[in-house]
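The structure under discussion appears below in the form of structure tokens.
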Amino acid sequence: MNFLIDTNVFYPLEPATVKDIESGTGPAARFARLTRKEGHKVFLHPAFKHDLEQDRDEERKKLRSVLKDKYPLIPNLHLFMKM
């Protein structure tokens, strides 16, 4: 099974600092563990790039830019829907 995540999942899943840990971080971590355990694929929504550019915290933006490379980016949502 394939999962497409956006920043609403990515940010809690990959907090850049301790202050970025939020109520969704625990469930996001469990989601990541279960998807890996069951062999599912997790992809990052292409709108992530736009959302990341909006972050005014340059240090956090730089870290998240690196962390995003853990996830394949879907260049074309139509292709994703056919997977």
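Values in this text are rule-based calculations from the coordinates and carry no lab data. The structure displayed is predicted, hence computed values, not measured ones. Neighbour counts are summed over all protein chains in view; Cβ atoms, including those assigned to glycine, are modelled from backbone coordinates with ideal geometry.
Can you tell me the 0 to 90 degree angle between the C-alpha axis of helix 58-67 and the longest principal axis of the chain, rounded to 10?
The angle comes out near 20 degrees.
Please list the non-local residues whose amide H lies under 5 Å from the amide H of Phe43, H modeled 1.01 Å from N, same-chain partners needing a gap of 5 or more.
Answer set, sorted by chain and number: Phe3, Leu4, Ile5.
Give me the net charge of Pro46's neighbourhood, meaning all other residues with Cβ under 14 Å from the Cβ of Pro46; Lys, Arg count +1, Asp, Glu -1.
Every neighbour counted, the sum reads -1.
Would you mind classifying the chain by shape? Square roots of the alpha carbon gyration tensor eigenvalues, ordered a ≥ b ≥ c; an a/c under 1.5 is rounded, otherwise it is prolate if a/b is larger than b/c and oblate if not.
The shape class here is oblate.
Using 5 Å bins from zero, what percent of all Cα-Cα pairs in region 1-41 falls into each bin?
With 5 Å bins starting at 0, P(r) equals 6, 24, 31, 23, 11, 5, 1.
Check the straight Cα-Cα distances from Lys19 and name the aspartates and glutamates below 17 Å, setting aside those fewer than 8 residues away within the same chain.
Asp55, Asp57, Glu58, Glu59
Among the aspartates and glutamates, select those whose C-alpha is under 19 Å from the C-alpha of Lys37, and discard any that sit fewer than 8 residues away in the same chain.
Counting by Cα, and skipping residues close in sequence, Lys37 has these aspartates and glutamates nearby: Glu14.
Could you please state, rounded to a whole Å, how far the C-alpha centre of region 1-33 is from the C-alpha centre of region 37-56?
Value for the Cα centre distance between the two parts: 10 Å.
Treating the angle as unsigned and between 0 and 90°, give the value, to the nearest 10°, between the Cα long axis of helix 25-37 and the longest Cα principal axis of the chain.
For helix 25-37, the angle is close to 30 degrees.
222 nm [θ] for the chain, helices only, -39500 (n - 2.57) per DSSP H run of 4+, per residue, to 500?
On the way: 5 runs with 42 residues, N = 83.
Calculated at 222 nm, the ellipticity per residue is -14000 deg cm²/dmol.
Given a cut-off of under 8 Å on Cα pairs at least six residues apart, what relative contact order in percent is computed for the chain?
Across the chain, relative contact order equals 34 percent.
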